[in-house]
DNA sequence: ATCCAGGATATCT
DNA sequence: AGATATCATGGA
């Protein structure tokens, strides 16, 4: 399959999009990115304005276009964000990032696991999880694993889950099992969450009380539940915002970020609220550009994807 | 050795 | 409401 990206609204930089820390399971070998979409093992590569896609089993063009959010008019989104002159500095070095439309269950699990971890570790743990509880997919010389279904996690033994070596072992194994159960029972209904307004959907996710706080909720909302106004805040975003928008941020918060003291819940609300207010309905897009820009600046993206 | 990474939560005051 | 302790991996 080929997708031609010959108009600005369809602009894309596959490398930046795959490596900017929103997804964790894609790997790059040569110029091909290899990953899974549903139960298909997929590889894609970009040459200038042409995207080439191959898969182990047939997948539809609309499935790929949806995943890459090619339905978003990127030139229009950036036109809105670039009304802020400061943001231009960011897009001088980072271009073509798209927020991906992830599967909500995979996204939820990924960000529950992500707590207090760096990206290589998140990748390792997720791979452990998929190898143990997903389905093996063999495709010529490639081997991959589909993401475990909620049912498979629901039925998993706690001891087997902990073998995935989560950051917070047994505690997170329990959280995943509880979440899987709620999804299986229909208590968590991702289609409902997609239809709710941002604030309501976020409150619903956080009220479940199984490892979803402010940050995880915002990531899941942005990356899988159509809330492009969500503005997740981690240490990198805090540093980027303090560096670029210092005058908008309370001095004591600036000092705490600069001294690398832990972010309090109020700090989170302050920074996330600033993001949504300042960048508007596409704050989540701005967030991804800021995040990747700051990590490149601090030299933290050195090839973690082999 | 110490510090740090896409934090959340229970338990204090 | 706000501060604090706890959870407990693995790389630099």
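The values are calculated or read from the model by the stated rules, or taken from the named source; none is laboratory data. Predicted, not measured: the structure shown is a model, and the values here were computed from it. Note: ideal-geometry Cβ built from the backbone for every residue, glycine included; neighbour counts use all protein chains shown.
Here is a check on your reading of the model: is residue A:281 modelled with pLDDT of 95 or more, out of contact with any helix residue (DSSP H, G or I) (no Cβ under 6 Å at 6 or more places or on another chain) and within 14 Å of DNA strand C (Cβ to nearest atom)? Before you say what the answer is, go through the steps one by one.
On the way: modelled with pLDDT of 95 or more: yes; out of contact with any helix residue (DSSP H, G or I) (no Cβ under 6 Å at 6 or more places or on another chain): yes; within 14 Å of DNA strand C (Cβ to nearest atom): no.
So residue A:281 fails the test.
Listed here are the residues, each with its yes/no results for (1) out of contact with any helix residue (DSSP H, G or I) (no Cβ under 6 Å at 6 or more places or on another chain); (2) within 20 Å of residue A:102 (Cα to Cα); (3) assigned by TED's automatic domain parsing to the domain that holds residue A:38.
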| residue | (1), (2), (3) |
| --- | --- |
| A:134 | yes, yes, no |
| A:147 | no, yes, no |
| A:173 | no, no, no |
| A:181 | no, no, no |
| A:193 | no, yes, no |
| A:205 | no, yes, no |
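Looking at A:269, A:300, A:256, A:295, just one residue is assigned to a helix (DSSP H, G or I) and either away from DNA strand B (no atom under 15 Å from the Cβ) or under 19 Å from the mean Cα position of the chain (by Cα) (or both), and that residue is A:295.
What's the total number of residues in the range A:100-122 that are over 20 Å from residue A:64 (Cα atoms) and within 12 Å of the chain's Cα centre (by Cα)? First the steps, then the outcome.
Narrowing the range A:100-122 to residues over 20 Å from residue A:64 (Cα atoms): A:108-122.
Filter again for within 12 Å of the chain's Cα centre (by Cα), leaving A:108-112, A:114, A:119, A:122.
Result for the range A:100-122: 8.
Name the pairs whose Cβ atoms lie under 7 Å apart, with the first residue in the range A:209-232 and closer than 13 Å to residue A:273 by Cα, the second modelled with pLDDT under 95, and 6 or more positions between them or separate chains? Partner pairs satisfying both residue conditions: A:214/A:265.
Residues in the range A:152-171 that are touching a helix residue (DSSP H, G or I) at 6+ places or on another chain (Cβ under 8 Å) and not in a loop (DSSP other than H, G, I, E, B): how many?
If we filter the range A:152-171 for residues that are touching a helix residue (DSSP H, G or I) at 6+ places or on another chain (Cβ under 8 Å), which is where we start, we get A:152-154, A:156, A:158, A:160-167, A:169-170.
Cutting the leftovers down to not in a loop (DSSP other than H, G, I, E, B) gives us A:152-154, A:158, A:160-162, A:169-170.
The number of residues fulfilling the criteria is 9.
Let's see how each residue does on (1) within 16 Å of DNA strand B (Cβ to nearest atom); (2) part of a helix (DSSP H, G or I); (3) within 22 Å of residue A:206 (Cβ to Cβ):
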{"position": "A:125", "(1), (2), (3)": "yes, yes, no"}
{"position": "A:144", "(1), (2), (3)": "no, no, no"}
{"position": "A:173", "(1), (2), (3)": "yes, yes, yes"}
{"position": "A:179", "(1), (2), (3)": "yes, yes, yes"}
{"position": "A:187", "(1), (2), (3)": "yes, no, yes"}
{"position": "A:191", "(1), (2), (3)": "no, yes, yes"}
{"position": "A:194", "(1), (2), (3)": "no, yes, yes"}
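A residue that is away from DNA strand B (no atom under 14 Å from the Cβ), closer than 17 Å to residue A:288 by Cβ and assigned to a helix (DSSP H, G or I) occurs nowhere in the range A:214-233.
Yes or no: residue A:114 within 16 Å of DNA strand C (Cβ to nearest atom) and either under 22 Å from residue A:9 (Cβ atoms) or in contact (Cβ under 8 Å) with a residue 24 or more places away in the chain (or both)? Considered against the rule, which asks whether it is within 16 Å of DNA strand C (Cβ to nearest atom) and either under 22 Å from residue A:9 (Cβ atoms) or in contact (Cβ under 8 Å) with a residue 24 or more places away in the chain (or both), residue A:114 comes out as yes. Go through the residues of the range A:262-271 one by one and say whether even a single one is crowded, with 20+ Cβ neighbours inside 10 Å, over 21 Å from residue A:108 (Cβ atoms) and modelled with pLDDT of 95 or more. Yes, the range A:262-271 contains a residue that is crowded, with 20+ Cβ neighbours inside 10 Å, over 21 Å from residue A:108 (Cβ atoms) and modelled with pLDDT of 95 or more.
One residue stands out among those in the range A:198-221 that are under 24 Å from residue A:237 (Cα atoms) and surrounded by fewer than 16 Cβ atoms within 10 Å (Cβ to Cβ): the one that is nearest to DNA strand C (Cβ to nearest atom), which is A:213.
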